[in-house]
Every structure is written in C-alpha cells, then in structure tokens.
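The structure appears right after this line, and notes come after that.
The values are calculated or read from the model by the stated rules, or taken from the named source; none is laboratory data. All of these numbers come straight from a predicted model, not from anything done at the bench. Neighbour counts run over all protein chains shown; Cβ positions are idealised from the backbone, glycine included. For accessibility, only protein heavy atoms count, side chains too; no ligands or nucleic acids. Shrake-Rupley method; radii C 1.70, N 1.55, O 1.52, S 1.80 Å.
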Amino acid sequence: MRGNKLTHARVVLRELPFLSGDALTSPLLAEAEDNLHKLNLFSEVRVRPIDHPGADDVKDILVLVDESEPGTFDIVPGVRNDLGARLGFNLGYQNLGGWNRSVNASAVLNRRLQDYYSWGNSNYKRLEYKFSIGFREPYLAEWPVVFTSSLDFLRRQYRSFDASVR
C-alpha cells in the first residue's frame, strides 16, 4: 500500500473484497477500487496485481492511493420566499484520527422579511437559527455498522393566529 499518509492501512484493507489466498479476478479488482472511491477519502485509487518473486501463479496486490483534503468549509448565502434572507455555514472533517470517522458542524441563520399573509407588515421580530453538530463512525465495534449522532439547537418563530377546534 502506498500513498496513505493520514489513513490507517486497516481502513483500506477492510474495503478489499478478497483475502490472501483467494482467486483474483478483474471484477474483484474493480470492486476494490469502487469500494475505496466510495470512502471519499482518496482523489485517486489504483489496485494492481504485481508478480510475486519466485512464483508464477501467485500475485501480490499493490494499492496506490492519493488522499483528498479531509476538511471542508462552506458559506452559503441565499433568500427563500418563505424564510427570508438566509446564511449558512458548514465545517467538516472526514478522516478523524485516520479511521474514516467524520465530525461536522453547521449553522443556518435566517431573518423572515415579511409575513406572506400580511402583505409586508412583518410579525417576525427575531432571528431564526439552527445549529447542528454531528459525528459519524463507519465501523462501530469493528462491525460494518454506521453509527451517526447529532445534536441540534433550533429557534423558529410562528405567526400568531386564532383557531377554534370543534
């Protein structure tokens, strides 16, 4: 294995659909490359058989990867007719500790510009927001079970209204 500076070799090896001693086929090599691409940790992946010294019927596998940048930061401004002016932020890191664990934090702020039913007379006085933090573990207890958790903080305003229920 070559090119994995941050990612542990075990993360790559558990995505290979074959073990030592298995018969090697082209579809298995293609599946290995697909599995590694799906991790979104690598910008380039190549899985190639190479000759094993002294044995004509045995091949070694060379896995070449080029790691992507693990961190992201996005700013998203916008306007929605129902929520008004919006501003969003997203911060994430995908390869925490080299184990393909992810953490992310996001914030969306909006200020309603007008009440749809009051034709410009706004009843909304405060800023609305949603803050989220999350964690993703792709191999919980060494099983291929994805565990995700998140915590959200939310503030929304609703228009005052009268209603009678019968």
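Side notes on the structure shown:
- A simple spin-label model places pseudo-atoms 7 Å from Cα toward Cβ; at Phe135 and Arg48 they are separated by 4.0 nm.
- Paramagnetic label reach from Arg126 (point 7 Å along Cα→Cβ; backbone nitrogen cut-off under 18 Å): within segment 141-157, residues 152-157.
- Candidates Ala30, Ala55, Ala107: whichever shows maximal mean-square fluctuation once the chain is modelled as a Gaussian network with Cα springs under 10 Å: Ala55
- Within segment 32-113, the percentage of alpha carbon pairs spaced more than 15 angstrom apart rounds to 70%.
- Think of a 1.4 Å ball rolled over the protein heavy atoms: the chain then has 71 Å² of accessible area per residue.
- The modelled label-to-label distance for the pair Ser149/Asn40, using points 7 Å beyond Cα in the direction of Cβ, is 2.1 nm.
- Here the contact order of the chain, divided by its residue count and restricted to Cα pairs under 8 Å and six or more residues apart, works out to 15 percent.
- Taking the alpha carbon gyration tensor of segment 1-149, multiplying each eigenvalue by 5 and rooting it gives semi-axes of 49, 14, 13 Å, largest first.
- Residues considered: Glu137, Glu128, Glu33. Largest GNM mean-square fluctuation over the chain, using C-alpha springs under 10 Å, is found at Glu128.
- Note on the chain: with a GNM built from Cα contacts shorter than 10 Å, the maximum mean-square fluctuation among Val79, Val12, Val108 falls on Val79.
- Projecting the alpha carbon convex hull of segment 1-50 along each direction and taking the average yields 3.5 nm².
- Debye, to nearest 20: dipole size of the chain, +1 on Lys, Arg Cβ, -1 on Asp, Glu Cβ: 1480 debye
- Nearest-ten-degree value, helix 26-38 long axis tilted from longest Cα axis of the chain: 30 degrees
- Contour excess over end-to-end distance, with Cα ends at Leu109 and Phe73 and 0.36 nm allotted per residue: 11.3 nm
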